[in-house]
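The block underneath contains the structure these notes are about, expressed in structure tokens.
The values are calculated or read from the model by the stated rules, or taken from the named source; none is laboratory data. Fair warning: this is a prediction, and the values are worked out from it, not measured in the lab. Every residue, glycine as well, gets a Cβ built from its backbone with ideal geometry; the counts of neighbours run over all protein chains shown. Areas reflect the complete protein model, heavy atoms only, side chains present, ligands, DNA and RNA absent. Shrake-Rupley method; radii C 1.70, N 1.55, O 1.52, S 1.80 Å.
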Amino acid sequence: MEKCSNFELEILKLVWSLKQPIDSVNLHRAIRTAFDENMSEAKISVYINRMVKKEVLIQSTAKGKYCTYIAIDKDEYQKFIVNREVIKNMGKSVEELVVALIGKEANENSLDEVDKMIKLLSKKI
């Protein structure tokens, strides 16, 4: 997965707001309506293709008909961005960041709370 440009992120937010899967005709129409009525098919296709390559839109074709698209989960994208920024700015993984934040100041209560959160997250996976 790769980070979206500002405009790609706006398109992604639009797709999140729409009923999915969405076919290419309706996606193009929604993009034009939301951003620029005069935007060309080619320009819209370029953005969509970039987003597919970045793995934030998933493309499928059903029996030779129009392509349909599904956006990745919003929470999944946000986790990716947070992880990417932490690693970029600190050179550490999220796990290393948590350990650094807890550090030597951790007491039994705080470790128990962290353990509870981890168990809760594990159940969601």
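For the stretch 86-117, taking the residues that are among the polar types (S, T, N, Q) and exposed (fewer than 11 other Cβ atoms within 10 Å of the Cβ), the one that is modelled with the lowest pLDDT is identified as Asn89. State which residue is nearest to Gln78 (Cα to Cα) when the search covers only the stretch 19-63 and only residues that are open to solvent by 50 Å² or more (accessible area, probe 1.4 Å) and in contact with a helix residue (DSSP H, G or I) (Cβ under 6 Å, 6 or more places away or on another chain). So, considering only residues that are open to solvent by 50 Å² or more (accessible area, probe 1.4 Å) and in contact with a helix residue (DSSP H, G or I) (Cβ under 6 Å, 6 or more places away or on another chain), the one nearest to Gln78 (Cα to Cα) is Gln59. Has the stretch 39-52 got at least one residue that is in contact (Cβ under 8 Å) with a residue 60 or more places away in the chain, closer than 30 Å to Leu121 by Cβ and assigned to a helix (DSSP H, G or I)? Within the stretch 39-52, none of the residues are in contact (Cβ under 8 Å) with a residue 60 or more places away in the chain, closer than 30 Å to Leu121 by Cβ and assigned to a helix (DSSP H, G or I). How about the stretch 40-82: which of its residues are polar (S, T, N, Q) and under 30 Å from Glu95 (Cα atoms)? Listed by number, the list holds a single entry, Gln78.
Could you tell me whether any residue of the stretch 81-89 is without any contact (Cβ under 8 Å) to a residue 12 or more places away in the chain, within 28 Å of Leu121 (Cβ to Cβ) and either over 19 Å from the mean Cα position of the chain (by Cα) or not in a helix (DSSP H, G or I) (or both)? For the stretch 81-89, residues without any contact (Cβ under 8 Å) to a residue 12 or more places away in the chain, within 28 Å of Leu121 (Cβ to Cβ) and either over 19 Å from the mean Cα position of the chain (by Cα) or not in a helix (DSSP H, G or I) (or both): present. Only one of the listed residues (Thr61, Thr68) is within 22 Å of the chain's Cα centre (by Cα), under 30 Å from Ser24 (Cβ atoms) and at pLDDT below 85. That residue is Thr61. Close contacts from the stretch 105-125, counting a first residue that is at negative phi and a second that is part of a helix (DSSP H, G or I), with Cβ to Cβ under 7 Å and a gap of 6+ residues or different chains, come to Ser110/Ile102; Val114/Ile102.
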